[in-house]
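Student: My questions will all concern the structure given below.
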Amino acid sequence: MRPLIWLSALLAGFCLDLLLGDPPGAPHPVRAVGALIAGLEKLLRRIVPKSPGGELAGGVLLVVLTLGVSGGAVLGLLWLCRWLPVWVSFAVQTLLSYQLLAARSLRDESVKVYRALKTGTLEESRRAVSMIVGRDTDGLDEAGVARAAVETVAENASDGVVAPLIFLALGGAPLGMIYKAANTLDSMVGYRNERYLYFGRAAARLDDVLNWIPARLAGVLMCLAARPAGFDGRNALRVFRRDRRKHKSPNSAHTEAACAGALHIQLAGPAQYFGKILEKPFIGDPDRPLEAADILRANRLMYAAAFLTLALVCGAPLLALLAPR
């Protein structure tokens, strides 16, 4: 594959995501990957020994098969496109790039929470935010609902926007699909509970490795994007440097810390999951009360970081490739 094609397709796919988002009910490769993972898990649990070692081995097999099938399917599709006019390959990679990015869908789902807070009832707001977070939402007040939505936007700015842009720029749709498959694996089996403690360990570790650099880069880019977006870039950097490690996951707090600093709000803290309170450290400072409008502010910051990422990983290489020699 020629870099000029896949970088141009990435740029076009990013624009499609801005315009269209994720239409409900439309076919989506990530949903296909999710169905693949569910089917493979069911099969592997039947054949691997029911022991820690057996489940670890089964989890490794799940990762290898999922990434192999997902990446192989895209490579095979693009190989077939070699025998067709070049615009077909461009169109396929554009469509895949568009579907592997989640900026618009992240914005749309979080804005539903904002609208419920502004014009609906607290119960409607809790229901809206329950669609995008894993915590219990029944006991959240309005500030808690807004905080949960802002955290979701901030955290997913990394693995839903910045990281896919990086992998798509580095290796086109095949590498982008492999990254997204790994990310989907982690979201489905990468839990530290009784069912997935061993079976999901390989998926969780792989996701940590793949997101190690993108998460930190996303935090830095969010700090750099804060001032152009109308927020406090200096405070974003200060809180990012101080609080970016305040999470059990090595990659989750970087963008949350940058967002909290940019908006002068406090995120994280204790949260309830499956009826139990999980004590988590606070991120950021309570310089002012958190409000519904912070959801819109977090989205503006996310988009600013996305545009900056696109300029770095796609725009600059494209200019270099197109420059006269």
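Student: Exactly one condition in (1) touching a helix residue (DSSP H, G or I) at 6+ places or on another chain (Cβ under 6 Å); (2) surrounded by fewer than 19 Cβ atoms within 10 Å (Cβ to Cβ) is not met by Ile37; state its number.
Tutor: The one condition Ile37 does not meet is (2).
Student: When you scan segment 213-325 for strands (runs of 3 or more DSSP E) that lie fully inside it, which ones turn up with 1 or more residues that are touching a residue at least 40 places away in the same chain (Cβ under 8 Å) and surrounded by 16 or more Cβ atoms within 10 Å (Cβ to Cβ)?
Tutor: In segment 213-325, the matching strands (runs of 3 or more DSSP E) lie at 266-268, 271-273, 282-284.
Student: Something else: Take Gly176 and tell me if it is at negative phi and crowded, with 24+ Cβ neighbours inside 10 Å. Give the steps one after another, and end with the answer.
Tutor: On the way: at negative phi: yes; crowded, with 24+ Cβ neighbours inside 10 Å: yes.
Here the answer is yes, as Gly176 does meet what is asked.
Student: Please count how many residues of segment 124-145 are out of contact with any helix residue (DSSP H, G or I) (no Cβ under 8 Å at 6 or more places or on another chain) and surrounded by fewer than 16 Cβ atoms within 10 Å (Cβ to Cβ). Before you say what the answer is, go through the steps one by one.
Tutor: Start the filter on segment 124-145 by keeping residues that are out of contact with any helix residue (DSSP H, G or I) (no Cβ under 8 Å at 6 or more places or on another chain), which leaves 130, 134, 136, 139, 143-144.
Now restrict to residues that are surrounded by fewer than 16 Cβ atoms within 10 Å (Cβ to Cβ): 134, 139, 143.
So the answer is 3.
Student: Taking only segment 49-64 into account, find how many residues are over 15 Å from Ala202 (Cα atoms) and in contact with a Phe, Trp or Tyr (Cβ under 9 Å, 6 or more places away or on another chain).
Tutor: Step one: of segment 49-64, the residues over 15 Å from Ala202 (Cα atoms) are 49-51.
Among the residues that remain, those that are also in contact with a Phe, Trp or Tyr (Cβ under 9 Å, 6 or more places away or on another chain) are: 51.
Qualifying residue count, segment 49-64: 1.
Student: A further question follows. Which of the helices (runs of 4 or more DSSP H) contained wholly in segment 97-176 include at least 1 residues that are under 13 Å from Ala306 (Cβ atoms)? Steps first, answer last, please.
Tutor: Numbers: elements: 103-119, 122-130, 142-157.
Ranges flagged: 103-119, 142-157.
Student: Tally up the residues in segment 104-123 that are of a type outside the set (S, T, N, Q) and surrounded by fewer than 16 Cβ atoms within 10 Å (Cβ to Cβ), please.
Tutor: We begin by selecting, within segment 104-123, every residue of a type outside the set (S, T, N, Q); these are 104, 106-109, 111-118, 120, 122-123.
Okay, now just the ones that are also surrounded by fewer than 16 Cβ atoms within 10 Å (Cβ to Cβ), so 108, 115, 118, 120, 122-123.
Number of matching residues: 6.
Student: Out of all the residues in segment 48-67, which are part of a helix (DSSP H, G or I) and touching a helix residue (DSSP H, G or I) at 6+ places or on another chain (Cβ under 8 Å)? Quick ask: steps written out before the conclusion?
Tutor: Here is the first cut: in segment 48-67, the ones part of a helix (DSSP H, G or I) are 52-67.
Scanning segment 48-67 gives Leu56, Gly58, Gly59, Val60, Leu61, Leu62, Val63, Leu65, Thr66, Leu67.
Student: Considering only residues that are free of Cβ contacts under 8 Å to residues at least 24 places away in the same chain and acidic (Asp, Glu), look in segment 120-168 and name the one that is farthest from Leu75 (Cα to Cα).
Tutor: Taking the candidates together, the pick is Asp141.
Student: Continuing with the same structure: Select from segment 1-32 the residues that are part of a helix (DSSP H, G or I), surrounded by fewer than 19 Cβ atoms within 10 Å (Cβ to Cβ) and of a type outside the set (Val, Ile, Thr) and list them in ascending order.
Tutor: Within segment 1-32, Pro3, Leu4, Leu11, Ala12, Cys15, Leu16, Leu18, Leu19, Leu20, Arg31, Ala32 qualify.
Student: Within segment 110-125, track down each residue that is farther than 17 Å from Val150 by Cβ and either at pLDDT 95 or above or among the β-branched types (Val, Ile, Thr) (or both).
Tutor: Thr119, Thr121
Student: Only one residue in Leu40, Leu67, Leu7 is out of contact with any Gly (no Cβ under 8 Å at 6 or more places or on another chain), without any contact (Cβ under 8 Å) to a residue 40 or more places away in the chain and closer than 24 Å to Gly171 by Cβ, so which one is that? Give the steps one after another, and end with the answer.
Tutor: Working: Leu67 fails: without any contact (Cβ under 8 Å) to a residue 40 or more places away in the chain; Leu7 fails: without any contact (Cβ under 8 Å) to a residue 40 or more places away in the chain.
Result: Leu40 is the single residue among Leu40, Leu67, Leu7 that is out of contact with any Gly (no Cβ under 8 Å at 6 or more places or on another chain), without any contact (Cβ under 8 Å) to a residue 40 or more places away in the chain and closer than 24 Å to Gly171 by Cβ.
Student: Something else: Checking the structure you have, find out if any residue of segment 221-236 is acidic (Asp, Glu), at pLDDT 90 or above and over 14 Å from Glu155 (Cα atoms). Break it down stepwise before answering.
Tutor: Of segment 221-236, the ones acidic (Asp, Glu) are 232.
Checking which are at pLDDT 90 or above leaves us with 232.
Add one more test, that the residue is over 14 Å from Glu155 (Cα atoms), and what stays is 232.
Yes, there is a match, as at least one residue in segment 221-236 is acidic (Asp, Glu), at pLDDT 90 or above and over 14 Å from Glu155 (Cα atoms).
Student: Another question, if that's okay. Restrict the check to segment 237-246 and report whether at least one residue is modelled with pLDDT of 95 or more and within 23 Å of Val133 (Cβ to Cβ).
Tutor: Yes, that holds for at least one residue.
Student: While we're looking at this one, here's another question. Do you know which residues across segment 186-212 are under 13 Å from the mean Cα position of the chain (by Cα) and crowded, with 18+ Cβ neighbours inside 10 Å?
Tutor: Asp186, Asp207, Leu210, Asn211, listed by residue number.
The values are calculated or read from the model by the stated rules, or taken from the named source; none is laboratory data. Quantities reported herein were computed from a predicted structural model and do not represent experimental measurements. Because the Cβ atoms are built from the backbone with ideal geometry, glycine has one as well, and the counts that use them run over all protein chains shown.
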